[in-house]
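Trainee: Let me begin by handing over the structure; questions about it come next.
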Amino acid sequence: MSSTRREVIAGLGGGIVTLIAPPALAQTAYPSRNIRMIVPYPAGGTTDYLGRLVADQIKGGLKATVIVENKPGAATALGAEQVARAEPDGYTLLMATSTTLAINKTLYKNLPYDPVKDFAPIGLVAAVPFALIVNPQVPATTLSEFIAYAKATPGLAFGSAGNGSPQHLGAAMLKSAAHLDIRHVPYRGSVPAMLDVIAGHIPFMVVDLQPALPQMRDGKVRVLGVTTLKRVAAAPEIPTLAESGLPGFELVAWQGVVAPAGTPRAIIDALAVQIKTLLADPATLDRFASIALEPLPGSTPDSFAAYIKSEVDRWAAIIRDSGAEVE
């Protein structure tokens, strides 16, 4: 991630604000009942993994019971709308993604929530690189071989986590950059799509690197390249698509936690402290590095709100350039 984007995350150069749970929190006795963490994807993927990490931190830090609920569907809009309409009392949270808070704003004309107005940002958690994977039976071991194979096989199908997901946009970017004739098959999550790549039902996809790494190491998928501009520390043997023939190709998503708009600031700040604590834990940082996630420890509720607004514009440009269809 560039220094410019990091400055936006940290508050446009204003430094990292130390968050302290205010005394008002004690007067509200928060939390006094179960907290729901809504994950708008199926279990097993990157968002689910991060949502459970955050839930465990809140459980330990605030002595709360946190229940993770997977609510996939409609390119994360199903779970997001549920949280946007929930009571703003701190007991319903969303493990949001760049799809939820930035991509969908441009991609859907009738989005049932407003990413900027309907949520109270709490904190960014991690950046997510992606990878181009193929079934091992596909006769390609490099990006150039895959492009040649795809051009010789018009209509090649690819999977994604749903229309407008980063996985979809990554493949659309590949289609545009390499001038391919490929066909989109949306799934309700990246893991179900990847399982169909493994089974040979679809030949390839752009997928989160985190769930793909163990499948790659077990020989169940072949990874042809990562979507970051630099190689990923967790798998330095994998070349980037940019260095493999598509200069400048970059696709990195992000994940963060939000609550319904109107949630008391004392509660938002208390939850932000838990995310800050999680991302300062060396064990968490080691865990992130081992699965190719980049921690984003510099955000505050205010800088995250500004970041969301800037990301709506950035992803709008990606959608336009990729040729992805607006629904």
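Trainee: What do you reckon, is residue 324 part of a loop (DSSP other than H, G, I, E, B), touching a strand residue (DSSP E or B) at 6+ places or on another chain (Cβ under 8 Å) and closer than 26 Å to residue 190 by Cα?
Mentor: Working: part of a loop (DSSP other than H, G, I, E, B): yes; touching a strand residue (DSSP E or B) at 6+ places or on another chain (Cβ under 8 Å): no; closer than 26 Å to residue 190 by Cα: yes.
No: the conditions fail for residue 324.
Trainee: Could you tell me which of the residues 53, 78, 107, 143 is touching an Asp or Glu at 6+ places or on another chain (Cβ under 7 Å) and over 18 Å from residue 265 (Cα atoms)?
Mentor: Details: 53 fails: touching an Asp or Glu at 6+ places or on another chain (Cβ under 7 Å); 78 fails: touching an Asp or Glu at 6+ places or on another chain (Cβ under 7 Å); 143 fails: touching an Asp or Glu at 6+ places or on another chain (Cβ under 7 Å).
Exactly one of 53, 78, 107, 143 is touching an Asp or Glu at 6+ places or on another chain (Cβ under 7 Å) and over 18 Å from residue 265 (Cα atoms), namely 107.
Trainee: Does residue 139 count as without any contact (Cβ under 8 Å) to a residue 12 or more places away in the chain and over 30 Å from residue 288 (Cα atoms)? Steps first, please.
Mentor: Details: without any contact (Cβ under 8 Å) to a residue 12 or more places away in the chain: yes; over 30 Å from residue 288 (Cα atoms): yes.
For residue 139, the condition - without any contact (Cβ under 8 Å) to a residue 12 or more places away in the chain and over 30 Å from residue 288 (Cα atoms) - is met.
Trainee: Would you mind stating whether residue 183 is open to solvent by 50 Å² or more (accessible area, probe 1.4 Å), part of a strand (DSSP E or B) and in contact with a strand residue (DSSP E or B) (Cβ under 9 Å, 6 or more places away or on another chain)?
Mentor: Details: open to solvent by 50 Å² or more (accessible area, probe 1.4 Å): yes; part of a strand (DSSP E or B): yes; in contact with a strand residue (DSSP E or B) (Cβ under 9 Å, 6 or more places away or on another chain): yes.
The answer is yes for residue 183.
Trainee: Among the residues of region 41-48, is any within 20 Å of residue 125 (Cβ to Cβ), assigned to a strand (DSSP E or B) and acidic (Asp, Glu)? Don't jump to the end; show me each part of the working.
Mentor: Residues of region 41-48 within 20 Å of residue 125 (Cβ to Cβ): 41-48.
Of the ones still in play, those that are also assigned to a strand (DSSP E or B) are none.
No - not one qualifying residue is present in region 41-48.
Trainee: Still on this structure, I have one more. Look at region 140-178 and say how many of its residues are surrounded by fewer than 16 Cβ atoms within 10 Å (Cβ to Cβ), modelled with pLDDT of 95 or more and not aliphatic (A, V, I, L, M).
Mentor: 8
Trainee: Is it the case that residue 303 is surrounded by 14 or more Cβ atoms within 10 Å (Cβ to Cβ) and closer than 22 Å to residue 262 by Cβ? Walk me through how you get there before you give the answer.
Mentor: Values: surrounded by 14 or more Cβ atoms within 10 Å (Cβ to Cβ): yes; closer than 22 Å to residue 262 by Cβ: yes.
So residue 303 passes the test.
Trainee: Exactly one condition in (1) in contact (Cβ under 8 Å) with a residue 12 or more places away in the chain; (2) at negative phi; (3) surrounded by fewer than 20 Cβ atoms within 10 Å (Cβ to Cβ) is not met by residue 313; state its number.
Mentor: Going through the list (1) in contact (Cβ under 8 Å) with a residue 12 or more places away in the chain; (2) at negative phi; (3) surrounded by fewer than 20 Cβ atoms within 10 Å (Cβ to Cβ), residue 313 breaks only (1).
Trainee: Could you say which residue among 71, 117 is under 30 Å from residue 218 (Cβ atoms) and open to solvent by 30 Å² or more (accessible area, probe 1.4 Å)?
Mentor: Values: 117 fails: under 30 Å from residue 218 (Cβ atoms).
That would be 71, the only listed residue that is under 30 Å from residue 218 (Cβ atoms) and open to solvent by 30 Å² or more (accessible area, probe 1.4 Å).
The values are calculated or read from the model by the stated rules, or taken from the named source; none is laboratory data. These numbers come from a predicted model, not from an experiment. Note that we place each Cβ from the backbone using ideal geometry, even for glycine, and neighbour counts take in every protein chain shown. When the accessible area is computed, the model is the full protein with side chains, heavy atoms only, and any ligands, DNA or RNA have been set aside. Shrake-Rupley method; radii C 1.70, N 1.55, O 1.52, S 1.80 Å.
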